[in-house]
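The structure appears right after this line, and notes come after that.
The values are calculated or read from the model by the stated rules, or taken from the named source; none is laboratory data. Since the structure is predicted, the reported quantities are computational estimates derived from the model, not experimental observations. Please note: Cβ atoms are built from the backbone with ideal geometry, for glycine as well, and neighbour counts cover all protein chains shown.
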Amino acid sequence: MLVRLPAGTVSASGAGSPVARAVCRAGGWVLEIDIRKFFDTLDHGHLRTLLRRRIRDGVLLRLIGKWLNAGALEEGALSRPDAGTPQGGVISPLLANVYLHEVLDEWFERDVKPRLKGRGFLSVMRTTPSCSSLREEDARRVMECCRNDSVSTA
């Protein structure tokens, strides 16, 4: 969803992050991105590859693998998912942050920022990223990047 924020829309104390406060004070454009079913669809193979880049401790990698493969009892039957993180698991937010850093943050820096004419910011609140830009033209460019790279916008 692409939204225009007129200058002074939200008070500096009412906005969540310094980036949001700056955009709200100056006016600008915000593109909210919906990561549909993120925790349910996180690819285990891709996540393990990302984790191996950052973690050298085999014991820790095996422990994370056990969390991912733990499965759940549904109506008496054990199901082991090929994707997703453990629902309600303490490790889920950590794994989501590792994945989002590599997939979302790196994508924004590598593919989106070079296409902008003005300043652009990425902020993630839990699993609802939003991109802020002071220029409509740049906000629309980010939306086009999302479409091209199969990122869903609300």
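What the table shows:
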{"item": "Close pairs (7 angstrom Cβ cut-off, 6 or more residues apart or separate chains): within 30 Å of residue 137 (Cα to Cα) and of a type outside the set (Phe, Trp, Tyr) in the stretch 29-51, in a loop (DSSP other than H, G, I, E, B) and modelled with pLDDT of 70 or more anywhere", "result": "none"}
{"item": "Failed item in (1) of a type outside the set (Phe, Trp, Tyr); (2) touching a Cys at 6+ places or on another chain (Cβ under 7 Å); (3) at pLDDT 85 or above, with residue 56 passing the rest", "result": "(2)"}
{"item": "Some residue of the stretch 13-20 being modelled with pLDDT under 80, in a helix (DSSP H, G or I), of a type in the set (Val, Ile, Thr) and in contact with a Leu (Cβ under 7 Å, 6 or more places away or on another chain)", "result": "no"}
{"item": "Residue match in the stretch 82-102 (condition: out of contact with any Phe, Trp or Tyr (no Cβ under 6 Å at 6 or more places or on another chain), surrounded by fewer than 13 Cβ atoms within 10 Å (Cβ to Cβ), small (Gly, Ala, Ser) and farther than 16 Å from residue 42 by Cα)", "result": "no"}
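Table: residues versus (1) among the aliphatic types (A, V, I, L, M); (2) in contact with a helix residue (DSSP H, G or I) (Cβ under 6 Å, 6 or more places away or on another chain).
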{"residue": "63", "(1), (2)": "yes, no"}
{"residue": "74", "(1), (2)": "no, no"}
{"residue": "85", "(1), (2)": "no, yes"}
{"residue": "88", "(1), (2)": "no, no"}
{"residue": "104", "(1), (2)": "yes, no"}
{"residue": "118", "(1), (2)": "no, yes"}
